1. For a quick check of your reading: which strands (runs of 3 or more DSSP E) sit entirely within the range 124-186 and have at least 2 residues that are small (G, A, S) and either touching a residue at least 40 places away in the same chain (Cβ under 8 Å) or touching an Asp or Glu at 6+ places or on another chain (Cβ under 7 Å) (or both)?
2. Can you go through L14, L67, L38 and tell me which one is of a type in the set (A, V, I, L, M) and at positive phi?
3. Which residues, counting only those in the range 1-37, are of a type in the set (S, T, Y) and part of a strand (DSSP E or B)?
4. Looking at this structure, is L38 in contact (Cβ under 8 Å) with a residue 60 or more places away in the chain, surrounded by 16 or more Cβ atoms within 10 Å (Cβ to Cβ) and among the aliphatic types (A, V, I, L, M)?
5. Working only within the range 101-137, note down all residues that are among the polar types (S, T, N, Q), surrounded by fewer than 14 Cβ atoms within 10 Å (Cβ to Cβ) and within 16 Å of A89 (Cα to Cα).
6. Being in contact with a Pro (Cβ under 9 Å, 6 or more places away or on another chain) and of a type outside the set (F, W, Y) narrows it down to one residue among V52, V59, V65, V33; which is it?
7. Which of the residues belonging to the range 52-92 are part of a loop (DSSP other than H, G, I, E, B) and surrounded by 18 or more Cβ atoms within 10 Å (Cβ to Cβ)?
8. How many residues does the range 44-81 hold that are closer than 24 Å to I137 by Cα and without any contact (Cβ under 8 Å) to a residue 40 or more places away in the chain?
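Every number here is computed from the coordinates shown, using simple stated rules; none is lab data. Since the structure is predicted, the reported quantities are computational estimates derived from the model, not experimental observations. In this analysis, Cβ positions are derived from the backbone assuming ideal geometry, glycine residues included, and neighbour counts consider all displayed protein chains.
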Amino acid sequence: MLDRQIHFYTLPALDVVSHNLIKPIRNVVTFAVDEQHLKRPPQFLNEVPAPVEPIEFCVIKRSAVSLYSLRERLFFQKEIPLPSGGVLARRTGKYLCVADRENYGMIDLEQASMIPLLPISQAPDTTLVVKPSITIISESEFLILSWTGASTLGVFITGDGDPVRGTLEWPSHPEAISLDYPYVTTLLPNNTIEIHSIETQSIVQVIPAPPEGSSPPDGDRKVLVTCQNGFFIPSTQRSEKLRMMPQRLIRKPATPGRENGGDTIARGEDNTVPDIPALDV
């Protein structure tokens, strides 16, 4: 999405689809691809081509939700009014969980009906900006976060708007959240990572923040990313993609009595730094 427009590209070349074939979708706030499509196993180059299932997705505009289906061409299905708009949405099957600037809601796309859920923030202090968070747990279950003023609660909600399981709780509002069933991993503002079990709602592991001063400010943890089907590297490029690469190290500011800011990297006999393997993510 760029400049509030959704553009379409071909894979793997990433060529822009001709606007004569599929025109960009305009006036977009955000969009949500059906999670059930995203979880389909990838098709490899040496496999027999399988029938292509249409990609269903929702486009959130200022006051409506537009439903589309994409195959060789783009098909508009219908539009559902959304007077309060939306800034974040996640879709699985016929259910769309959406958040505006204040509240969460659940939309049944077949019935074109909406159920109000929780406020994003339950705290009386309205000056604090709390980011909404929606995570799809299963085909008809979502996890939404709500700030209480003292902690953040994670509530599991079905597509019918009913709470299930217990609740999760964090001492502060998570910066990012990632699902690897049956675990939910969250990144907190203090750079601590907490891992909860969905089944028991208990904390199973806490990864503390890096020691203060161990990394520069721009090296802080910022986001968590889930990869649905692993990483696919074509076999003809495997050796090229996984080759050893030299990496320039980020040095700390120089301190008195320590040359070059305390560089303790082992050097070879020719005073050079050896190559360090790196994974480009």
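1. Of the strands (runs of 3 or more DSSP E) lying wholly inside the range 124-186, those with at least 2 residues that are small (G, A, S) and either touching a residue at least 40 places away in the same chain (Cβ under 8 Å) or touching an Asp or Glu at 6+ places or on another chain (Cβ under 7 Å) (or both) span 176-180.
2. Residue meeting the stated conditions: L14.
3. Those that are of a type in the set (S, T, Y) and part of a strand (DSSP E or B): Y9, T30.
4. no
5. Result: S113, single match.
6. V65
7. Scanning the range 52-92 gives K61, L82, G86.
8. Going through the range 44-81 one residue at a time, the tally reaches 7.
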